[in-house]
Amino acid sequence: MTRLLKCQPTVAEFKGQVVKHSSGRERLVKCGNWRLLAEYAEPENLDTQIRSILLQTSDDLNMWRSLTQTFRVDMFCGIFLDSSNDGLSLSPQTLLMLGERGIDIDFDIYAAGDDDEIFSNMKSDIDRVTE
């Protein structure tokens, strides 16, 4: 994957690998994965973060078509909103880059409010991964 995408992953795990967490907990990897994380941004700039990830990888669209026909490829975005009436947007250029590569975009959207403690804990977990 690294050779095809022409960049180093932030995280890569192989099926059957045992991953040890700093807490001492261990996890068996059930499905291999290759991940490239964006720089943390607050306030968010999702459009720039997505483009920065894509610009680090190969721009060979034939390779991307082959990759997306063989593997599940997605751009996962965890979004933490400070209020229930917040928003974000993606530019046509970024949407085109995703579309040309056949990349699905997945959003997990969390809003502060009813479960502020859960929201804070999840945000802290993301911060630890990106350090």
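The values are calculated or read from the model by the stated rules, or taken from the named source; none is laboratory data. It should be emphasised that the depicted structure is a prediction, and the values quoted were computed from it without experimental measurement. Cβ: placed from backbone, ideal geometry, glycine included. Neighbour counts: every protein chain shown.
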_Filter pass, T94 being of a type in the set (S, T, N, Q) and at pLDDT 95 or above_ = yes
*Residues in region 38-63 that are of a type in the set (G, A, S) and more than 21 Å from L81 (Cα to Cα): how many?*
2
*Need at least 1 residues that are farther than 24 Å from F107 by Cβ and free of Cβ contacts under 8 Å to residues at least 24 places away in the same chain per element, so show me which helices (runs of 4 or more DSSP H) inside region 1-96 make the cut, counting only ones lying wholly within it.*
2-5, 61-70
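State the number of residues belonging to region 58-78 that are under 17 Å from A38 (Cβ atoms), surrounded by fewer than 14 Cβ atoms within 10 Å (Cβ to Cβ) and not charged (D, E, K, R).
1
Give the number of residues within region 97-131 that are outside any loop (DSSP other than H, G, I, E, B), modelled with pLDDT of 70 or more and not acidic (D, E).
Number satisfying all stated conditions: 9.
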_Residues located in region 60-92, provided they are touching an Asp or Glu at 6+ places or on another chain (Cβ under 6 Å) and polar (S, T, N, Q)_ = S91
